[in-house]
1. Scan 123, 118 and give me the residue that is in a helix (DSSP H, G or I) and at pLDDT below 90.
2. Please enumerate the residues belonging to the range 1-22 that are farther than 18 Å from residue 100 by Cβ and either polar (S, T, N, Q) or crowded, with 21+ Cβ neighbours inside 10 Å (or both).
3. Go through the range 179-192 and count every residue that is open to solvent by 10 Å² or more (accessible area, probe 1.4 Å) and without any contact (Cβ under 8 Å) to a residue 60 or more places away in the chain.
4. Name the residues in the range 1-22 that are more than 13 Å from residue 110 (Cβ to Cβ) and in contact (Cβ under 8 Å) with a residue 60 or more places away in the chain, would you?
5. Specify which of the listed residues (68, 93) is within 21 Å of residue 298 (Cβ to Cβ), modelled with pLDDT of 90 or more and not hydrophobic (A, V, I, L, M, F, W, C).
6. Just one of (1) farther than 29 Å from residue 180 by Cα; (2) open to solvent by 30 Å² or more (accessible area, probe 1.4 Å); (3) modelled with pLDDT under 95; (4) outside any strand (DSSP E or B) trips up residue 104, so point out which.
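The values are calculated or read from the model by the stated rules, or taken from the named source; none is laboratory data. Predicted model only: the values in this text are computed from it and were never measured. Heads up, the Cβs are rebuilt from the backbone with ideal geometry, glycines too, and the neighbour counts pull from every protein chain shown. The accessibility values were calculated without ligands, DNA or RNA, using every heavy atom of the protein model including side chains. Shrake-Rupley method; radii C 1.70, N 1.55, O 1.52, S 1.80 Å.
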Amino acid sequence: MYKRILIPLDGSKTAEQVLPYARYFALKLGIPVEFLGVVDLAALASSVSPDKARFLNTMIDAGVRASEEYLEKVAQGFSGVATRCTVRKGKAEDTIIEAAAADRDTLVAMATHGRTGLNRWVLGSVTEKVLRGASNPLLVIRAGEEGGVAEPALKSVLVPLDGSELAEGVLGTVVELARILDLEIILMRAYHVPANTYAGAEDYYAVNYEEVLASLRDEARDYLDKITQDLKARGVARVSSVVPEGYAADEIIALGRRLPDNLIAMCTHGRSGVRRWVLGSVTERVVRHSGDPVLVLRAKG
């Protein structure tokens, strides 16, 4: 399980919306929290006119002091939790990824913007870059427009599976969290008839849509039944499963919204080099549009 929680903060109310969840996990898991502030030197330098460049170092020092004071104030709200405040200089996403990578058992907790319409396709926030680039597990909260988050009391964890070993990589962590947090595990596998099922068929009517659908549904149920039995054999007391018809991301988001006090836990691709910035499309959509906190684990490889 995790040894610490790293919480990057920039002083905004959006970023602070992760704090209740981070506090909940820290208290329940009995682990320390490190608050991280980043002074972006490049951004600061670009905002200074040439005639005031000589004051840049003074501005950097002032930024560090202001961040330290802010983080210390936030830490006061984490009574009963060991805390540490750190301010680093550098590009925000790179600094966060580097700080977390020092210990693979560090859980990074961050909030991200919930967008709709055209903006939902625009990537580039620090949280999304960390989500794509970090090898550490991330707890991601979609910030609400109202700016406030009630203290959580999680009751269940929704685990989307697709039949792959990669997706199943989240199960070990989920079992441990369910035991510590007293959560019900809800397994889910969505199914639908692929659009190319009929493509190229010599006789369109020879393919029975209902039969194909029933076959996919039965396959999903059998698969989840097997996982359920495996989890019960590992001592999980409360585990159930659902097999909705539809596209995975849509069904995950819809089911999560019907479950009060729920956590979604998913495993996504682990990459290196340039491809480390590629995140699974289902995971990306769930993080963007789910109202639930989402725990994202990186698969090895």
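1. Details: 123 fails: in a helix (DSSP H, G or I).
Among 123, 118, only 118 is in a helix (DSSP H, G or I) and at pLDDT below 90.
2. If we filter the range 1-22 for residues that are farther than 18 Å from residue 100 by Cβ, which is where we start, we get 11-14, 16-17, 20.
Of everything in the range 1-22, those that are farther than 18 Å from residue 100 by Cβ and either polar (S, T, N, Q) or crowded, with 21+ Cβ neighbours inside 10 Å (or both) turn out to be 12, 14, 17.
3. Residues that pass the stated criteria total 6.
4. 1, 2, 3, 4, 13, 20 - these are the residues of the range 1-22 that are more than 13 Å from residue 110 (Cβ to Cβ) and in contact (Cβ under 8 Å) with a residue 60 or more places away in the chain.
5. Sole residue among the options that is within 21 Å of residue 298 (Cβ to Cβ), modelled with pLDDT of 90 or more and not hydrophobic (A, V, I, L, M, F, W, C): 93.
6. (1)
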